1. Criterion first (at pLDDT below 90, under 33 Å from the mean Cα position of the chain (by Cα) and surrounded by 15 or more Cβ atoms within 10 Å (Cβ to Cβ)) does residue A:270 satisfy it?
2. Restricting attention to the stretch A:380-399, does a residue exist that is surrounded by 14 or more Cβ atoms within 10 Å (Cβ to Cβ), assigned by TED's automatic domain parsing to the domain that holds residue A:231, part of a strand (DSSP E or B) and out of contact with any strand residue (DSSP E or B) (no Cβ under 7 Å at 6 or more places or on another chain)?
3. Among (1) crowded, with 16+ Cβ neighbours inside 10 Å; (2) facing chain A (nearest Cβ under 8 Å), which single condition is residue B:22 missing?
4. Being crowded, with 17+ Cβ neighbours inside 10 Å and over 27 Å from residue A:234 (Cα atoms): is that true of residue A:375 here?
5. Quick check on my filter: what residues within the stretch B:111-132 are within 12 Å of the chain's Cα centre (by Cα) and facing chain A (nearest Cβ under 9 Å)?
6. Tell me whether the stretch A:224-235 contains one or more residues that are within 12 Å of another protein chain (Cβ to nearest Cβ), in a strand (DSSP E or B) and in contact (Cβ under 8 Å) with a residue 24 or more places away in the chain.
7. Quick check on residue A:422: is it under 17 Å from residue A:240 (Cα atoms) and in the same structural domain as residue A:225 (by TED's automatic domain parsing)?
8. Inspect the stretch A:409-418 for any residue being touching a strand residue (DSSP E or B) at 6+ places or on another chain (Cβ under 7 Å) and in a strand (DSSP E or B) and give the result as yes or no.
């Protein structure tokens with residue numbers, strides 16, 4: 001049988017259109033390597049900022065608490081008040097029993113000046129800082145005297161009422177001229193946490209910043225046609241990454257319970273990318289053939305489905321969060337559980353999404369205003385978090401705080417076919433100051 | 001998909017490069033597949049497009065091989081059954097670039113001459129002539145490979161008789 005050319009073409013097509021040939025073994029590793037090269041490491045500025053905060057905190061801690069090879073036993077905490085004593089004021093006297101020669105008369109004596117230089121240095125460097133932790137009974141707000149009144153007989157001066165040396169300090173060998181039982185306190189014991197048992201109420205001021213991940217929630221309102229649009233939006237919009245920063249004031253009202261309010265700012269970006277699969281773009285160049293003086297059309301490139309739109313959508317929210325919290329403490333460290341609600345003050349947005357009517361990209365940025373998608377304000381949300389804190393100093397903490405926030409009211413307007421909300425996950429790093 | 005790339009490529013190495021580049025595009029553009037048509041067809045389209053871009057980039061010219069002098073001998077039905085897929089792919093690969101692209105698009109992929117001409121940036125008449133020349137080239141190559149004498153039955157008989 002003699003077959004036509006078309007019949008022969010059909011044979012070629014039948015034999016080769018679905019032919020299966022395994023590729024060379026090196027192809028798949030090459031594809032894997034090429035895909036890995038496409039991944040880019042992004043070190044966001046918030047990571048650098050968090051590292052800077054942590055480094056600053058570590059440096060501050062190192063400067064405030066020098067390293068001591070000696071094991072420091074935890075001393076009982078004492079009440080602290082606003083004792084204002086100049087660190088360089090060597091005339092300041094700590095509340096300690098000191099045996100000094102009797103004075104001829106009742107006179108005010110600068111006790112420290114009467115000591116020899118070695119004792120002066122001990123008082124200045126080691127005992128002096130204790131003064132902040134010594135408080136006369138019943139007197140809440142008093143600055144320690146700069147001199148002591150000596151009694152005529154020059155016996156040991158009594159401590160400021162209410163505390164004994166042993167309750168304050170660790171036992172140390174006595175220095176010459178010092179009565180037995182004098183205990184010097186070392187600087188390391190100033191790193192104790194705040195005495196919340198004595199001060200059941202306190203104000204805290206906190207500041208934080210950290211990275212943020214935003215997961216978008218798109219829900220239909222019951223119309224089956226919206227499912228297709230929802231899936232298309234999910235395919236064209238990526239997850240959001242950004243940062244959060246803020247500050248708050250907290251009031252500890254019952255040793256372990258606290259209430260806080262503040263200002264919180266969250267900003268995140270997502271990539272919107274859309275390619276029309278049915279579009280074909282031909283890039284054509286005309287070349288003049290001078291020998292024949294004719295124009296020749298030359299196709300340089302062909303793009304299938306490449307009518308692309310790529311936009312970085314950005315969102316920013318300013319909220320007033322209000323929270324309740326509960327703290328557990330163990331020495332210098334502790335954990336706080338907190339949760340509450342937030343009201344949005346300001347919501348800015350810019351970018352593009354697929355238009356529900358036309359199916360092509362359209363801007364929702366108010367200035368460009370091609371489609372109305374988002375509300376003016378983001379409305380209400382709830383949040384919860386766990387704070388792990390560490391006392392650098394009695395009144396200073398550093399903390400790490402993973403937090404979750406769920407948008408309650410939809411971000412989108414009622415006329416939009418989908419309800420859009422957001423779940424934001426953030427890892428905050430910050431400082432607390434007890435005032 | 002490697003077989004698809006082999007049909008469009010000059011050499012197996014070129015086919016591997018096209019396959020690699022095509023799969024990377026599949027991976028990065030996966031989100032653009034909206035379930036319109038079969039998934040295999042979508043991937044095949046990407047592979048074909050990648051192959052065409054490769055040769056457009058390299059500005060391969062449609063070569064003239066002087067096959068115009070070949071008589072137009074039709075082939076018998078089921079003649080291709082004599083050869084394996086690998087041999088047939090090898091024959092396709094030995095086609096000159098222009099003939100190979102047109103043959104793949106029109107004879108195997110099913111494009112019309114107008115569509116193929118638009119894709120390749122040539123005239124429709126050029127597409128038709130290139131396809132005819134590709135068929136003749138393949139027929140000659142087929143005879144050499146299978147020794148069936150389809151193009152020249154007398155040559156086959158002489159070979160068989162040892163004369």
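1. Criteria not met by residue A:270.
2. yes
3. Failed condition: (2).
4. no
5. Within the stretch B:111-132, B:131 is the sole residue that qualifies.
6. Within the stretch A:224-235, none of the residues are within 12 Å of another protein chain (Cβ to nearest Cβ), in a strand (DSSP E or B) and in contact (Cβ under 8 Å) with a residue 24 or more places away in the chain.
7. Yes.
8. Within the stretch A:409-418, one or more residues are touching a strand residue (DSSP E or B) at 6+ places or on another chain (Cβ under 7 Å) and in a strand (DSSP E or B).
The values are calculated or read from the model by the stated rules, or taken from the named source; none is laboratory data. If you're wondering where the values come from, they're calculated on a predicted model, not measured in any experiment. Note that we place each Cβ from the backbone using ideal geometry, even for glycine, and neighbour counts take in every protein chain shown.
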